[in-house]
Amino acid sequence: MAEELCKLATKYFEVWNTHNGKAVGQLFNSDGTLRDWDIAVEGGDNVGEANGNIFKAVPNIKITVESLHPCESKRTVACEILVHLNNDTHEVLKVVDIIEFTTDGKIKALRAYKG
């Protein structure tokens, strides 16, 4: 199961890097939640819209995954990532995403913490 969880997390970041907010939202359960240091939204459509707004505001943003740490008993993956803003100052954010998955592979909750 750990491998399956890591594959699901990797798929999320691959889809996220396409900048398709709707596709990102479709990875979430209908009552899935996204929370970070700026926003908190519920529902796949709202998650997609929130991510679409990020892509519009920061058009060159990309994520690279540094490390994945699955927890089978909680169906979660702690994801150490770098968020490359690709702006004039080449800013890179160190972030940990905790992604919780449903038994059918949808995202139940994603909590992002900036470090």
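Hey, what's the chain come to in accessible area per residue, 1.4 Å probe, Å²? Present the calculation step by step, with values, prior to reporting the outcome.
Working: 6520 Å² over 115 residues.
Solvent-accessible surface per residue comes out at 57 Å².
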### Ellipticity estimate at 222 nm from DSSP helix runs (n ≥ 4, -39,500 (n - 2.57)) divided over the chain, nearest 500
-9500 deg cm²/dmol
## Note on the structure
So for the chain, using the alpha carbon gyration tensor with a ≥ b ≥ c as root eigenvalues (a/c under 1.5 gives rounded; past that, a/b versus b/c decides prolate or oblate), I'd call it oblate
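Roll a 1.4 angstrom probe over the protein heavy atoms and tell me the percent of accessible area of region 46-115 that is carbon or sulfur.
Heavy-atom surface of region 46-115 belonging to carbon and sulfur, 1.4 Å probe: 52 percent.
Over the chain, what is the mean sequence separation of C-alpha contacts under 8 Å (at least six apart), divided by residue count, expressed as relative contact order in percent? Mind showing how you got there, number by number?
Numbers: 237 pairs, mean separation 29.0, N = 115.
Computed over the chain, the figure is 25 percent.
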### Folded to 0 to 90 degrees: helix 2-16 orientation relative to the chain principal axis, Cα
30
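DSSP loop trypsin sites (Lys or Arg not before Pro) in region 1-48 with at most 12 other Cβ atoms within 10 Å of their Cβ, which ones? Spell out each step's value before the answer.
On the way: sites: K7, K11, K22, R35; in loops: none.
In loop regions of region 1-48 (DSSP not H, G, I, E or B), there are no sparsely surrounded trypsin sites (Lys or Arg not before Pro).
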### Task
Return the aspartates and glutamates within reach of K94: Cα separation strictly under 20 angstrom, same-chain partners fewer than 8 residues apart disregarded; answer none if there are no such residues.
E14, D36, D38, E66, E80
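The values are calculated or read from the model by the stated rules, or taken from the named source; none is laboratory data. Keep in mind it's a predicted model, so treat the numbers as computed, not measured. Because the Cβ atoms are built from the backbone with ideal geometry, glycine has one as well, and the counts that use them run over all protein chains shown. Ligands, DNA and RNA are stripped out before the accessible areas are found, and what is left, the full protein with its side chains, is counted by its heavy atoms. Shrake-Rupley method; radii C 1.70, N 1.55, O 1.52, S 1.80 Å.
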